[in-house]
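Visitor: The structure under discussion is supplied below as structure tokens; questions concerning it will follow.
The values are calculated or read from the model by the stated rules, or taken from the named source; none is laboratory data. Keep in mind it's a predicted model, so treat the numbers as computed, not measured. Cβ coordinates were reconstructed from backbone atoms using ideal geometry, including for glycine residues, and neighbour counts include every protein chain displayed. In case anyone asks, the SASA skips ligands and DNA or RNA and just uses the protein heavy atoms, side chains included. Shrake-Rupley method; radii C 1.70, N 1.55, O 1.52, S 1.80 Å.
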Amino acid sequence: MAGNSQRRNRRTSNKKGAQVGSGGKRRRGLEGKGPTPPASARKGHVQNRVSNAKAKLTARRQVTRRGGKGTSEMVVGRNPVFEALRDGVPATMLYVQQYIENDERVREALQLAADRGGIHLMEAPRPELDRMTNGLNHQGMVLQVPPYEYAHPEDLAAAAFDEGEDPLIVALDGITDPRNLGAVVRSVTAFGGHGVVVPERRAAGMTAGAWKTSAGTAARTPVARATNLTRALEGYQKAGLTVVGLAADGDTEVGDLPALGGPVVIVVGSEGKGLSRLVGETCDYRVRIPMPGGAESLNAGVAAGVVLYEAARRRG
């Protein structure tokens, strides 16, 4: 009997009896989730994507990544040298022919170089200047322009985010005239933009001509160079920027696009060919500038200025 009693007790003790209470789990399950998190913390929200992209871009900037350097350039001739010095084109060396006729333009150029500082003066015989300029008509004056240091495309967006601003960037597709590049840089500066992106190949670079057309604004507005413009635009999209391409056959007029008030890249194509196929397909929107006067197209600098004005107006 004692043995049977012990076996029954073991069987009873091994049985899973009724649970007393829930340990508070049900009560906690009924509690609220707390206040709604801000948009920047909600997964999938556009502000969350922008916030995450800002953090990634800032982290990447800890590693120095430049868009590379351009090539050095020579400005040749008395008037071009004087105008380059007057307009603030960067320079490292001013070569002056020995025994040159000391006319007014030469004296003015020498005075500008001295006033700016940091420009070395070097006398050279005429045959040496002929060799340096491949026989161009240098008139006894040659200005050495150092290679331009391009930014990386990611630097432009990261710098804007660091300032707590929505990036406003212009990308140029197929623009080969340096004067157009200089004009766009000037417009970007005027309307509070954060920089210009150009392709590495088959595109205008920051030459002395671009510097002159920018009227000195190139010293304040960075130009970035992209190995592949399409991939650079896709990188901006991942960072939360909207890519807006200008096209004569665009579906939307510039004034009707709310996206210009946020983080945006404005893509400007060449006056004749417009946007290239891959770049056009990458754009989130293709917009047109209404031209009631009947002109077929606008100069790249003018077109960029119109859209930049609308973006600046929306940002208020």
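Visitor: Which of the peptides 138-145, 69-76 is most tightly packed, and how do the rest follow, going by the mean number of other Cβ atoms within 10 Å of each residue? Each step should come with its number before you reach the end.
Guide: Details: 138-145: 21.8, 69-76: 17.0.
Final packing ranking: 138-145, 69-76.
Visitor: What spacing in nm lies between the two simple spin-label points modelled at Arg288 and Gln98, each 7 Å away from Cα in the Cβ direction?
Guide: 6.5 nm
Visitor: How large is ³J(HN,Hα) for each residue in the range 251-259, as worked out from phi by the Karplus curve 6.51 cos²θ - 1.76 cosθ + 1.60 (θ = phi - 60°), to whole Hz, x for Gly and Pro?
Guide: 6, 10, 7, 3, x, 9, 10, x, 4
Visitor: With the radius of gyration and the Kirkwood radius both derived from the Cα set of the range 234-282, what is their ratio Rg to Rh? Intermediate values should be presented prior to the final figure.
Guide: Numbers: Rg = 11.1 Å, Rh = 11.6 Å.
Here Rg/Rh amounts to 0.96.
Visitor: Oh, and also: Roughly how many Å² of Tyr309 are accessible to a 1.4 Å probe, to the nearest 10?
Guide: Surface open to solvent at Tyr309 totals about 120 Å².
Visitor: Which whole-number value in Å² is the accessible area per residue of the range 186-228, probe 1.4 Å? Display every interim value, and only then the final one.
Guide: Working: 1760 Å² over 43 residues.
Heavy-atom SASA per residue in the range 186-228 reads 41 Å².
Visitor: How far is the Cα center of the range 136-170 from the Cα center of the range 189-258, in Å?
Guide: Using only Cα atoms to place each centre, the spacing works out to 12 Å.
Visitor: Now for a different question. By how many nm would the segment from Arg277 to Glu83 grow when fully extended, if each residue of separation counts as 0.36 nm and the alpha-carbon distance is taken off? Before the final figure, lay out the partial values.
Guide: Details: separation 194, 0.36 × 194 = 69.84 nm, distance 3.88 nm.
Answer, rounded to one decimal: 66.0 nm.
Visitor: Quick check: the distance between the Cα centres of the range 77-113 and the range 279-300, to the nearest angstrom?
Guide: Distance between centres, Cα-based: 41 Å.
Visitor: Under 14 Å Cα to Cα from Lys212, which aspartates and glutamates show up? Leave out anything in the same chain fewer than 8 places away.
Guide: Glu73, Glu83, Asp87, Asp177
Visitor: So, one more: Please compute the length gained on full extension between Arg131 and Asn299, using 0.36 nm multiplied by the number of residues separating them and subtracting their Cα-Cα distance.
Guide: Working: separation 168, 0.36 × 168 = 60.48 nm, distance 3.71 nm.
Fully extending the segment from Arg131 to Asn299 adds 56.8 nm.
Visitor: Order of 149-156, 230-237, 270-277 by packing, highest average Cβ count within 10 Å first?
Guide: Numbers: 149-156: 22.0, 230-237: 18.9, 270-277: 14.8.
In descending order of packing, they fall as 149-156, 230-237, 270-277.
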